[in-house]
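What follows is a short report on a single structure.
The values are calculated or read from the model by the stated rules, or taken from the named source; none is laboratory data. Computed from a predicted model, the values in this text were never measured in an experiment. Methodologically, a virtual Cβ is constructed for each residue, glycine included, from the backbone with ideal geometry; neighbour enumeration extends over all protein chains shown. Surface accessibility is based on the protein's heavy atoms, side chains included, excluding ligands, DNA and RNA. Shrake-Rupley method; radii C 1.70, N 1.55, O 1.52, S 1.80 Å.
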Amino acid sequence: MEQTFIMIKPDGVQRGLVGEIISTFEKKGFYLKGMKLISVERPFAEKHYEDLSSKPFFEGLVEYIISGPVVAMVWEGKNVVTTGRKIIGATNPSASDPGTIRGSFAVEIGRNVIHGSDSVESAKKEIALWFPNGTVNWQSSLHPWIYE
Ligand SMILES: Nc1ncnc2c1ncn2[C@@H]1O[C@H](COP(=O)(O)OP(=O)(O)OP(=O)(O)O)[C@@H](O)[C@H]1O
């Protein structure tokens, strides 16, 4: 089944939003397949955001990501990449719909609490980068109650 990479950024960890964010994805019916609390070094953050390296905010973005621990996760489910992005909300919290994670918990684009892969292809790349030893293979006993 489809997987996505979700990262709770340092502000989300500092602000005590980890439990609420995990709970949102769990209650939706997605399955947690990998998770770690990790502080990343500058070269690793630069690699994760390499597609944005020419942007004027790149330096600030890297500083933000290395400013404290993040929670790196792999979530699995039908259409989890697209649905995950909807749950997260628009990049700029001013434009994020109420009820989304950014719409509920963030104010500024440079402190927007959470990252989610923007395509299945990016998800595969990001999961390989953050979980080089693979994820956890388990099946939820709730599966038949979530999927037809
Ligand atoms: N104009 C900006 N000023 C400051 N930070 C920005 C700006 N645009 C984007 N960012 C930061 O860079 C991150 C990556 O930008 P991107 O355009 O890939 O958005 P996104 O895909 O919604 O976010 P993410 O990759 O974190 O899920 C944003 O989440 C935000 O933290």
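Here are some conditions: (1) near the ligand (Cβ under 10 Å from one of its atoms); (2) buried (at least 19 other Cβ atoms within 10 Å of the Cβ). Residue 60 meets all but one. Which one does it not meet?
(2)
Quick check on the range 137-148: of everything there that is in a loop (DSSP other than H, G, I, E, B) and not aromatic (Phe, Trp, Tyr), which residue is least open to solvent (accessible area, probe 1.4 Å)?
140
Going by what's in this entry, would residue 121 be described as open to solvent by 100 Å² or more (accessible area, probe 1.4 Å), over 22 Å from residue 69 (Cβ atoms) and at pLDDT 95 or above?
Yes: the conditions hold for residue 121.
Can you tell me which of 10, 93, 69 is surrounded by 13 or more Cβ atoms within 10 Å (Cβ to Cβ), touching a strand residue (DSSP E or B) at 6+ places or on another chain (Cβ under 8 Å), of a type outside the set (Asp, Glu) and over 30 Å from residue 142 (Cβ atoms)?
Answer to the selection: 10.
Six or more apart or on different chains, Cβ atoms under 9 Å: show the pairs whose first residue is in the range 35-55 and of a type in the set (Asp, Glu) and whose second is within 16 Å of the ligand (Cβ to nearest atom).
These pairs meet every condition: 41/66; 46/53; 46/58; 46/62; 51/122.
Which of the residues that make up the range 96-106 are open to solvent by less than 20 Å² (accessible area, probe 1.4 Å) and among the polar types (S, T, N, Q)?
96, 100
Return a yes/no flag: does the range 72-80 have any residue that is open to solvent by 70 Å² or more (accessible area, probe 1.4 Å) and either of a type outside the set (A, V, I, L, M, F, W, C) or modelled with pLDDT of 95 or more (or both).
yes
When residue 134 is evaluated against the numbered criteria (1) at positive phi; (2) open to solvent by 50 Å² or more (accessible area, probe 1.4 Å); (3) of a type in the set (Gly, Ala, Ser), which criterion, by number, is the only one it fails?
Answer for residue 134: the failing condition is (2).
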